[in-house]
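Q: Handing you this structure, nothing more for now.
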Amino acid sequence: MTRSVVGPRVGVNPYGYYDVAAREYAITRPDTPTPWINYIGEGRFGGIVSNTGGGYAFDRDPRDRRVSRYRYNALPADQPGRYVYLRDDASGEFWSVTWQPVRGELDRYECRHGPGYTRISSARDGIAAELLYFVPPAAGGTPWRCELWVLRVRNEARQPRRLRSFSYVELGYLDALVDQQNLDWAQHIVRSRVVDGAILTGTVFRPETTFFAASAPPDGFDSDREAFVGRCRDLANPLVVERGEPTGSEAPRGNNIGSLCHRMALEPGEERQLVYVLGVEDDPDEIERARAAFREPAAAGAAFAALREDWDVYLSRLRVETPDRELDAMVNVWNQVQCRTTLHWSRFASGYETGLGRGMGTRDSAQDTLGTLHAAPEPARETLTRLWRLQFRDGHAWHQFFPLSGEGSAGLAAEIPDWPQWFCDDHLWLVIAVCAYLRETGDLAYVGQLVPYADAPEESVWEHMLRALRFTLDNRGPHGLPRVGFADWDDTLNVDHGSGKAESVWCAMQFCRAALDLAELAGELGRTTEAAGFRHQVRTMADAVNEHAWDEAWYARAFDDDGEPIGVAAETARRIDMNPQTWCVIGEVAPRERAEQALASMHELLATEFGIALLDPPYEGGTERVRGTSTYPPGAKENGGIFCHANAWAIVAAAALGQGDRALDYYRRILPLSRSDADRYLAEPYVYCQNVCGPAHPQFGLGRNAWLTGTAAWTFVAATQWILGIRPTHRGLRIAPALPSDWDGFRATRVFRGVVYEIEVERAGSGSTVSLVVDGEPLAGDVVPLPDARDRVFVRATVS
């Protein structure tokens, strides 16, 4: 049984705290305001695990290869999941190791979410138990299509105890949409059989078999849910557990489950360990390989140690030590864990996205790479290459796709086929992400890689990027700004109804950022003529923005289908919108004075204690002019809510202007570990959420859509590259922090292109000028070039 050694704590709230030394978020009560989840797996087999064992598993695609069932927005909440019941033979009492689904009284309970694993422990009446869930790392380069549940049960009483354990997991049809919606067919085609103690579930016409087995032969089993639960009962009081005897049911159809029963006779102090294996395979030999690999509990221990080692390496590539302990906790562990998770699953499967209809987002996945480049450049490159396949030869891209089939889709735009079927920002994010990848890795050969289009033969990545810019330039409105298409980054800004007059001011700024990045890259490639052309495009676009979109104190958000401005002082609703005020800095569009004024207006009119609202005032009632935004009530999501993703851009913009105090202030306003008011916030306090209800909402401060959000990558970039100022460039590592006034300095370790940089920053004055000493020698400028032969560089930066 694992004993937790409690280290320093941060982010304490009534339900738990972050254990700094263990790198785990410890949840000390099972009745959290919402299910507080974790992800297991690293992009292939994996799934969601809540703090009470709820959640589900899938193999690569939660729509097309769903392994276990979960019911969203149901009562009882957060069911079913991965459960083990324990029953005392003498008294007949039973309970769940994970509290759910019995929800009986426990003497103690704790859930610890760690990077890639969850451990839930509990005790009742002298019996201590623990369940550890994780996906074993690939063995010899071959990924496992299974997960492990490691059960430990120990007798802490003074007398011998006889127990029985009953596992429970629901096994449906792999096509989750069919499993949930076509019950007439799905309930007839899925059946189970038991072979050598393993429950095997599948159909007669597909090769895939879902399997559930244990490291020890079971003393009984059930694979039929109705036989296990009984009539007029639920998972809190299943008939088999209440009676203490499995029925041996093999489901010929209907609702299939994995329930294995084991008898346990425990002397005082004795412990029993079982390892359950849940997975899916097309080949029966692979099922036996997985069972054989983890038949001995020691093998599961070795796999868990390998998982921990993998995460140790991943997290070692950037570590910081600042005066802000909560910032350190997020940057060093959980922000990186969240970034890696979003790279794997985009916005596909979470506590809010059911994994059925949305797929992976093009813009989402492109931005997700930004938070993982420092530690996992190869998976990021693979993701970018996959995304380029979604681009059409005219330059625009599919809005989303499904990971197994590669099937692309226009996403929300398909709901209104008479409106534009493209988003104006998707293709530009690919350019920005590729340029970031090249600055991080120096892998300039990537621009020559050949990738096919969605509708045409292959061309180089360089040509793909040129076509992305050309699409924007070819689709401009009357003010010379990019047409909105169905929407821009704000999916609900549905102002382009086909007249050709609707334009996105924000996308113009995004275009400038993309073109500036390409100009810099072209210079590195020796393409000086093209570099000059990109810079000319930036000047032309920026001039159009400043001529037509400046509204005396801030920038307009867009122009509608009639060519009228949105996000200006003359409006009744949405007088000011956040995004153009931050991106006028990020895109280097605004003169310094205007940039400072735009940020000041944003701060004055939109900043709240929980972050900056996306717009104000919110719309009151639906309007066809903007459509999607106005469907939300005031203060919700894009209609005046606090979009944490966009707040990260405010951090970047403030730091870029040298406003270190304000950048840190904005960072802390959306920092989940700073939210001690868990019953108001509701969401997980160890990862960022997508949005927080804004000041116009009756639930102001409530967090939603945690985990799978662009907030993860962009907040990581904002903290590490802009507040701390450690930014990769084509020529080396830039050290240019926006140091908060009450910080004396900070330390960081950053791996960049195979070299370890030990960085120490010290304040020596109130300014922002950086002086560098590298390996004991003064260095002009703020970019540390790559060393000739050394694999470790010591950098001392003085800010004065």
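Q: Tell me, please, whether a residue that is in a helix (DSSP H, G or I), at negative phi and in contact (Cβ under 8 Å) with a residue 12 or more places away in the chain can be found in segment 735-746.
A: The answer is no, given that none of the residues of segment 735-746 is in a helix (DSSP H, G or I), at negative phi and in contact (Cβ under 8 Å) with a residue 12 or more places away in the chain.
Q: Additional query: Look at W95 and say whether it is on the phi > 0 side of the Ramachandran plot and touching a residue at least 24 places away in the same chain (Cβ under 8 Å).
A: no
Q: Does L438 satisfy the criteria of being under 20 Å from the mean Cα position of the chain (by Cα) and either over 12 Å from F486 (Cβ atoms) or not in a helix (DSSP H, G or I) (or both)?
A: No.
Q: If you take the residues of segment 700-713 that are in contact (Cβ under 8 Å) with a residue 24 or more places away in the chain and either open to solvent by 20 Å² or more (accessible area, probe 1.4 Å) or assigned to a loop (DSSP other than H, G, I, E, B) (or both), which of them is nearest to P618 (Cα to Cα)?
A: F700
Q: So in segment 160-179, with the set limited to residues that are touching a helix residue (DSSP H, G or I) at 6+ places or on another chain (Cβ under 8 Å) and hydroxyl-bearing (S, T, Y), which one is nearest to G54 (Cα to Cα)?
A: Only one residue fits best here, namely Y168.
Q: Taking L481 as the residue in question, decide whether it is in contact (Cβ under 8 Å) with a residue 40 or more places away in the chain, touching a helix residue (DSSP H, G or I) at 6+ places or on another chain (Cβ under 9 Å) and under 27 Å from R557 (Cα atoms).
A: The answer is yes for L481.
Q: Now, a different point. If you go through segment 721-733 one residue at a time, do you hit one that is open to solvent by less than 10 Å² (accessible area, probe 1.4 Å), of a type in the set (V, I, T) and touching a residue at least 12 places away in the same chain (Cβ under 8 Å)?
A: yes
Q: From the set of residues in segment 623-635 that are open to solvent by less than 10 Å² (accessible area, probe 1.4 Å) and not in a helix (DSSP H, G or I), which is farthest from W722 (Cα to Cα)?
A: My answer is V626.
Q: Identify the residue in segment 763-800 that is charged (D, E, K, R) and under 33 Å from the mean Cα position of the chain (by Cα) and, among all such residues, is surrounded by the fewest Cβ atoms within 10 Å (Cβ to Cβ).
A: D791
Q: Within segment 18-33, does at least one residue satisfy the condition of being open to solvent by less than 10 Å² (accessible area, probe 1.4 Å) and in a loop (DSSP other than H, G, I, E, B)?
A: Looking for residues that are open to solvent by less than 10 Å² (accessible area, probe 1.4 Å) and in a loop (DSSP other than H, G, I, E, B), one finds none in segment 18-33, hence no.
Q: Let me ask something else about it. Mind telling me which of the residues E378, E415, E407 ends up being at pLDDT 95 or above and open to solvent by 10 Å² or more (accessible area, probe 1.4 Å)?
A: E378
Q: Something else now. Going by the conditions given, is G230 at pLDDT 95 or above, out of contact with any strand residue (DSSP E or B) (no Cβ under 9 Å at 6 or more places or on another chain) and surrounded by 15 or more Cβ atoms within 10 Å (Cβ to Cβ)?
A: The answer is yes for G230.
Q: Now a separate question. Working only within segment 472-492, note down all residues that are of a type in the set (A, V, I, L, M, F, W, C) and either touching a Ser or Thr at 6+ places or on another chain (Cβ under 6 Å) or over 16 Å from R363 (Cα atoms) (or both).
A: L473, L481, V484
Q: Scanning segment 67-92 for residues that are in contact (Cβ under 8 Å) with a residue 12 or more places away in the chain, open to solvent by 10 Å² or more (accessible area, probe 1.4 Å) and under 29 Å from the mean Cα position of the chain (by Cα), which turns out nearest to V687 (Cα to Cα)?
A: Looking at residues that are in contact (Cβ under 8 Å) with a residue 12 or more places away in the chain, open to solvent by 10 Å² or more (accessible area, probe 1.4 Å) and under 29 Å from the mean Cα position of the chain (by Cα), I get D78.
Q: Tell me whether segment 451-465 contains one or more residues that are under 16 Å from V538 (Cα atoms) and touching a Leu at 6+ places or on another chain (Cβ under 9 Å).
A: Scanning segment 451-465, I find at least one residue that is under 16 Å from V538 (Cα atoms) and touching a Leu at 6+ places or on another chain (Cβ under 9 Å), so the answer is yes.
Q: Here are some residues: R289, R231. Which one is part of a loop (DSSP other than H, G, I, E, B) and either closer than 13 Å to V194 by Cβ or not aromatic (F, W, Y) (or both)?
A: R231
Q: Can you find a residue in segment 346-361 that is surrounded by 21 or more Cβ atoms within 10 Å (Cβ to Cβ) and touching a helix residue (DSSP H, G or I) at 6+ places or on another chain (Cβ under 6 Å)?
A: Yes, because at least one residue in segment 346-361 is surrounded by 21 or more Cβ atoms within 10 Å (Cβ to Cβ) and touching a helix residue (DSSP H, G or I) at 6+ places or on another chain (Cβ under 6 Å).
Q: Would you confirm whether any residue within segment 663-672 is in contact with a strand residue (DSSP E or B) (Cβ under 6 Å, 6 or more places away or on another chain), over 25 Å from N546 (Cα atoms), outside any loop (DSSP other than H, G, I, E, B) and open to solvent by less than 10 Å² (accessible area, probe 1.4 Å)?
A: Among the residues of segment 663-672, not one is in contact with a strand residue (DSSP E or B) (Cβ under 6 Å, 6 or more places away or on another chain), over 25 Å from N546 (Cα atoms), outside any loop (DSSP other than H, G, I, E, B) and open to solvent by less than 10 Å² (accessible area, probe 1.4 Å), which makes the answer no.
Q: Would you mention how many residues in segment 124-136 are small (G, A, S) and either open to solvent by 20 Å² or more (accessible area, probe 1.4 Å) or under 18 Å from R308 (Cβ atoms) (or both)?
A: Going through segment 124-136 one residue at a time, the tally reaches 1.
Q: Can you pull out the residues in segment 532-566 that are within 19 Å of S499 (Cβ to Cβ), in a loop (DSSP other than H, G, I, E, B) and not charged (D, E, K, R)?
A: A549, A556, G563
Q: Just one of (1) under 23 Å from E760 (Cα atoms); (2) open to solvent by less than 10 Å² (accessible area, probe 1.4 Å) trips up T322, so point out which.
A: Exception for T322: condition (2).
Q: Let me ask something else about it. Pairs only if they're at least six apart or on different chains, beta carbon under 9 angstrom, first in segment 285-312 and free of Cβ contacts under 8 Å to residues at least 60 places away in the same chain and closer than 18 Å to G141 by Cβ, second outside any helix (DSSP H, G or I) and open to solvent by 60 Å² or more (accessible area, probe 1.4 Å); list them, first residue then second.
A: R289/D283
Q: Does P8 satisfy the criteria of being over 30 Å from G269 (Cβ atoms) and open to solvent by 10 Å² or more (accessible area, probe 1.4 Å)?
A: In short, yes.
Residues checked against (1) within 28 Å of the chain's Cα centre (by Cα); (2) over 24 Å from R668 (Cβ atoms); (3) of a type in the set (S, T, N, Q); (4) in a strand (DSSP E or B):
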{"position": "N579", "(1), (2), (3), (4)": "yes, no, yes, no"}
{"position": "C584", "(1), (2), (3), (4)": "yes, no, no, no"}
{"position": "V589", "(1), (2), (3), (4)": "no, yes, no, no"}
{"position": "R594", "(1), (2), (3), (4)": "no, yes, no, no"}
{"position": "A598", "(1), (2), (3), (4)": "no, no, no, no"}
{"position": "M602", "(1), (2), (3), (4)": "yes, no, no, no"}
{"position": "G621", "(1), (2), (3), (4)": "no, yes, no, no"}
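Q: Here's another thing I want to ask about it. Modelled with pLDDT of 95 or more and surrounded by fewer than 20 Cβ atoms within 10 Å (Cβ to Cβ), is that true of S504?
A: When the stated conditions are applied, S504 does not pass them.
Q: Between residues in segment 488-517 that are over 23 Å from N691 (Cα atoms) and of a type in the set (F, W, Y) and residues that are open to solvent by less than 10 Å² (accessible area, probe 1.4 Å) and modelled with pLDDT of 95 or more, which pairs lie under 7 Å by C-beta distance while being six or more apart or on different chains?
A: F511/L428; F511/T472; F511/P482; F511/M541
Q: Still on this model: Please specify each residue of segment 172-222 satisfying the condition of being free of Cβ contacts under 8 Å to residues at least 12 places away in the same chain, exposed (fewer than 14 other Cβ atoms within 10 Å of the Cβ) and closer than 19 Å to R63 by Cβ.
A: Q181, N182, L183, W185
Q: Of all residues in segment 137-171, how many are open to solvent by less than 10 Å² (accessible area, probe 1.4 Å) and assigned to a loop (DSSP other than H, G, I, E, B)?
A: Qualifying residue count, segment 137-171: 1.
The values are calculated or read from the model by the stated rules, or taken from the named source; none is laboratory data. These numbers were taken from a predicted model, which means no experiment stands behind them. With ideal geometry, Cβ positions are generated from the backbone for all residues, glycine too; neighbour counts draw on all protein chains shown. In case anyone asks, the SASA skips ligands and DNA or RNA and just uses the protein heavy atoms, side chains included. Shrake-Rupley method; radii C 1.70, N 1.55, O 1.52, S 1.80 Å.
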